[in-house]
Amino acid sequence: RMLFEALTENFQRSLAALRGLDKITETNIEPTLKEVRRALIDADVNVKVVDILLAAIKEQALNMKVVKGVTPGQQFVKIVYDELIRLLGGDPATSSSKAGASPLPALAESPTKPTVILMAGLQGAGKTTQSAKLARLLQTEKRSRKKVLLVAADVQRPAAVEQLQTLGQQIETEVFIPAMVGTGSVTALEVATRALDYAKQKAFDFMIVDTAGRQVIDERLMEELQQIKRVLSPAEILLVVDGMIGQEAANITRAFHERIGITGAILTKMDGDTRGGAALSIKQISGAPIKFIGVGEKLDKLEKFYPDRMASRILG
Ligand code: GDP
C-alpha cells in the first residue's frame, strides 16, 4: 500500500524510536504520540478533537499484539490511520475510493416530490456555489438525471440572488427568486413556502435552497433557518464550511448543529493547500457525515467525500 508507506515515511523519526521494541509501553510511545499530535494540530484539527483521537490511539497502541513481520512502528501507523478513517465516518477494512463508484454520495430522498435540500453556512463559505454544483451533479449524473429547482432565499442581498441566477443559467437550471413572490419586502420564509408550492406544481424532483449567510453566527439568522426548516421539512440540511477555516470549524459546526440539526456537510476550497483538519472537527462534533468536498470555483468541482483519502491528507 503506497499510501500507507508514504505515511510511515512522515513519521519515520519518531517511529525509529519504536524499532526493535517488542512491546509498546506508556513511556516509549510518548514521543511518537507527541509527533502525531503535532501533525494533527498542523492540519488544523481542533485541539479538543485531537485529544479525543489521541486517547483512542493510545489505548489501541498499548493493547496491540506483536505481529510477525510487521514492526511496532508500522503497526502503530496503521492504528493512527484506521482511527482517523473511523472518525471521519469510514470503514478502514474497505477502501471507499473505488474507481467507478457513483460520484453521488447517499442523499436522503423524500417519499413525495420534491426532496428539499437546505444549504446553510456562514457568508463566503461557498453556499451559493455548492448549491449550483449540487444541482448540476443531480441533473447530469447518469444514474440520477433529476429535475432540480434552485431557490434563492437570501432576501437581504440582491447580489446573492443575482449570483445564483447567473450560476443557474450556466447549468440550465431554473432559479426561484424573491421577485417571483412579489415586489417590496419579502421574507425568506415566504420565498421558501412559495418555492415549495411551485416545485410541487411543476414536479421538480429536488429543490435546493440557498439561504442567507452572515459573517458571524447570528441569532436572527438561526431563527430564520429554524423557521424555514419547519415549513420545508428538508430531507437534507447540509452545512457548508470553508475548508481553510481551520480550528473555527468546530465552533461553527456546534452553533449550526445545535440550532438546526445538520444531516451532512460540504467542505469547500479543498483545492487549496489546506490539510483538511476541519473535516474531523465537523464529524466529531455533529456526528453528521461529510458528503462532498468542493475543489474549485467551477461548477464541476464537487467531489464525493472519501474518509480514507482525507485521512491521508490530514496526516500529510
Ligand atoms: P456563500 O457566501 O456561502 O454563498 O459563498 P459563495 O458561493 O459566494 O462562495 C464564496 C467564494 O468562494 C466565491 O468566490 C466562490 O467562487 C469561491 N468558492 C466556492 N467554492 C469553492 C471551492 O471549492 N474552491 C475554491 N477555490 N473557491 C470556491
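Every read-out reported here was derived from the displayed coordinates using simple, explicitly stated rules and does not represent laboratory data. These numbers were taken from a predicted model, which means no experiment stands behind them. Quick reminder, even Gly has a Cβ in these numbers, built from the backbone with ideal geometry, and neighbours come from all protein chains shown.
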(message) Taking the beta-carbon count within 10 Å as an exposure proxy, list MET244, MET64 from fewest neighbours to most.
(response) MET64, MET244
(message) Run the simple label-point estimate for LYS65 and GLU172 please: 7 Å along Cα→C-beta, distance reported in nm.
(response) 6.0 nm
(request) Give the order of LYS127, LYS147 when sorted by the count of other beta carbons within 10 angstrom, beginning with the fewest. (result) LYS147, LYS127
(request) Take the Cβ-Cβ distance between ASP91 and GLU190 as r, set R0 to 45 Å, and report the resulting FRET efficiency rounded to the nearest 0.05. (result) 0.55
(message) Under a Cβ-only charge scheme (Lys and Arg +1, Asp and Glu -1), can you give me the dipole magnitude of the chain about the Cα centre, in debye to the nearest 20?
(response) 720 debye
(request) Kindly give Rg over Rh for the stretch 245-316, based on alpha-carbon atoms, with the Kirkwood expression for the hydrodynamic radius. (result) 0.95
(request) State the extension gain, in nm to one decimal, for the chain segment bounded by ARG38 and LEU21, taking 0.36 nm per residue of separation less the distance between their alpha-carbons. (result) 3.8 nm
(message) Using only the alpha-carbon atoms, how far is helix 127-140 inclined from the longest principal axis of the chain? Give it as 0 to 90 degrees, nearest 10.
(response) 90 degrees
(message) To make sure I understand, if each residue's beta carbon is the centre and we count other beta carbons within 10 Å, what order do LEU21, LEU118 fall in, fewest to most?
(response) LEU21, LEU118
(message) Given R₀ = 25 Å, what would the calculated FRET efficiency be for ASN28 paired with LYS48, taking r from the Cβ atoms and rounding to 0.05?
(response) 0.45
(message) Looking at the chain as a GNM with Cα springs under 10 Å, which of ALA93, ALA135, ALA120 has the largest mean-square fluctuation?
(response) ALA93
(message) How charged is the neighbourhood of LYS301? Take every other residue with its Cβ under 12 Å from the Cβ of LYS301, and add Lys/Arg as +1 and Asp/Glu as -1.
(response) 0
(request) Could I have the simple spin-label model distance between LYS301 and GLN165, label points 7 Å from Cα toward Cβ, reported in nm to one decimal? (result) 2.5 nm
(message) Tell me the mean residue ellipticity at 222 nm calculated for the chain from its helices only (DSSP H runs of n ≥ 4, each -39500 (n - 2.57), averaged over every residue, nearest 500).
(response) -15000 deg cm²/dmol
(request) Would you mind estimating how fast the stretch 33-171 diffuses translationally, via Stokes-Einstein at 25 °C and 0.890 mPa s with the Kirkwood radius over Cα pairs, in µm²/s? (result) 128 µm²/s
(request) Compute the convex hull volume of the Cα atoms of the stretch 166-267, divide it by the residue count, and report the result per residue in Å³ as a whole number. (result) 128 Å³
(request) List, in order, the whole-Hz ³J(HN,Hα) value for each residue of the stretch 238-248 obtained from phi through the Karplus relation with A = 6.51, B = -1.76, C = 1.60 and θ = phi - 60°; use x for Gly and Pro. (result) 9, 8, 9, 10, 5, x, 8, 6, x, 3, 4
(message) Quick check on my link table: of LYS78/LYS301; LYS113/LYS133; LYS146/LYS301; LYS146/LYS202; LYS113/LYS146, which ones sit more than 23 Å apart, alpha carbon to alpha carbon?
(response) LYS78/LYS301
(request) Return the distance in nm (one decimal) between the two label points of a simple spin-label model at GLU109 and ASP197, each offset 7 Å from Cα along Cα→Cβ. (result) 2.8 nm
(request) Normalise the Cα radius of gyration of the chain by 2.2 N^0.38 Å (N = residues in it) and let me know the number. (result) 1.12
